[in-house]
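Heads up, the thing below is written out as structure tokens.
The values are calculated or read from the model by the stated rules, or taken from the named source; none is laboratory data. Quick caveat, the model's predicted, so the values are computed rather than measured. With ideal geometry, Cβ positions are generated from the backbone for all residues, glycine too; neighbour counts draw on all protein chains shown. Ligands, DNA and RNA are stripped out before the accessible areas are found, and what is left, the full protein with its side chains, is counted by its heavy atoms. Shrake-Rupley method; radii C 1.70, N 1.55, O 1.52, S 1.80 Å.
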Amino acid sequence: MTTLVFGATGQVAQELSRLEGMTCVGRAQADLTDADACVDLIAQTKPKAVINAAAYTAVDSAENEEPLATQINGAAPAAMARACAAHDIPFVHISTDYVFDGSGSTPWSVDDQVAPLGAYGRSKLAGEVGVRDAGGTHAILRTSWVVSAHGNNFVKTMLRLGADRDALNIVADQIGGPTPARAIAKACESIAQQLRTDPAKTGTYHFSGREDVSWADFARNIFQQAQLSCKVSDIPSSDYPTPAKRPLNSRMDCGTTSATFGIERPNWRDGVADILRDL
């Protein structure tokens, strides 16, 4: 199956490029600030499925660049979804836990009320709305805390800092499921294939690593596996202010993903081990 993947340089797209039958395109082939370019590429190539792994992911910068973030995260995937609907092509779109406000401690259900805290979350929510409104066969896959051997992410940052420092202060009141990009890629591939044979599986789903953990405890495991002696001290989010407010509760209920597609939550500890081997 030939699948068109938007976002060639991103963490998930780089993992998708390792899988058979994937054609990954970047900004040179389809700039997401130009939604028409995305539509034209889908119309020209007529793939068996489309996966949108591209996004504006600079959470803090989005506070000052919300129109740009909304164009890339909102208007572009909406246009892709409309093009896919017009050509009867299944569309898989990656979204985020940032569409929720992070309150409470219960894992978020796919049907829970969305209430983004900042510009990034609002831009991703706009994309979700646009994909649903397009009316085609689709799956919106919300995920969290993406990590891999590619690009910039928490694992690579901890490895760099942990090698240079004896101790670090890490936020301990934000809880979520770190998710290996490789697992997300395989999930997207499986979902796209299943949507082709069963369009009734159209809907919104959650996919995150298990078990849920704080950033501080995640860092401890990274250092343990990497055999780094850096000590981690727990701090509250209030001690590490950022331009964009982060959700404290990023736990996600992934039960519908398991029940519908047979895809289980990946073990993030195994994911860290894979990243260390890749690096």
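Below are the figures for this structure:
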{"quantity": "Number of positions in region 239-260 that are part of a loop (DSSP other than H, G, I, E, B), touching a residue at least 40 places away in the same chain (Cβ under 8 Å) and not hydroxyl-bearing (Ser, Thr, Tyr)", "calculated": "9"}
{"quantity": "Thr106 being polar (S, T, N, Q) and assigned to a helix (DSSP H, G or I)", "calculated": "no"}
{"quantity": "Candidates Leu276, Leu228 - the one that is open to solvent by 30 Å² or more (accessible area, probe 1.4 Å), hydrophobic (A, V, I, L, M, F, W, C) and assigned to a loop (DSSP other than H, G, I, E, B)", "calculated": "Leu228"}
{"quantity": "Enumeration of residues in region 159-188 that are under 19 Å from Gly271 (Cβ atoms), outside any strand (DSSP E or B), open to solvent by 10 Å² or more (accessible area, probe 1.4 Å) and touching a residue at least 24 places away in the same chain (Cβ under 8 Å)", "calculated": "Leu159, Gln174, Arg182, Ala183, Lys186"}
{"quantity": "Exclusive hit being of a type in the set (A, V, I, L, M, F, W, C) and over 26 Å from Asn153 (Cβ atoms), set Ala30, Ala79", "calculated": "Ala79"}
{"quantity": "Yes/no for Thr96 being in contact with a Pro (Cβ under 6 Å, 6 or more places away or on another chain), modelled with pLDDT of 95 or more and among the polar types (S, T, N, Q)", "calculated": "no"}
{"quantity": "Any hit, region 137-149, residues being open to solvent by 20 Å² or more (accessible area, probe 1.4 Å), among the aromatic types (Phe, Trp, Tyr), farther than 29 Å from Leu4 by Cβ and modelled with pLDDT of 95 or more", "calculated": "no"}
{"quantity": "Qualifying residues in region 94-103 (those that are open to solvent by less than 30 Å² (accessible area, probe 1.4 Å) and assigned to a helix (DSSP H, G or I)) - the one nearest to Cys188 (Cα to Cα)", "calculated": "Asp97"}
{"quantity": "Complete set of residues in region 36-55 that are open to solvent by 20 Å² or more (accessible area, probe 1.4 Å) and either without any contact (Cβ under 8 Å) to a residue 60 or more places away in the chain or of a type in the set (S, T, N, Q) (or both)", "calculated": "Asp36, Ala37, Val39, Asp40, Leu41, Ala43, Gln44, Thr45, Lys46"}
{"quantity": "Criterion (of a type in the set (Phe, Trp, Tyr) and within 12 Å of Asp173 (Cα to Cα)) met by exactly one of Tyr205, Tyr240", "calculated": "Tyr240"}
{"quantity": "Complete set of residues in region 189-225 that are assigned to a helix (DSSP H, G or I) and among the β-branched types (Val, Ile, Thr)", "calculated": "Ile191, Thr197, Ile222"}
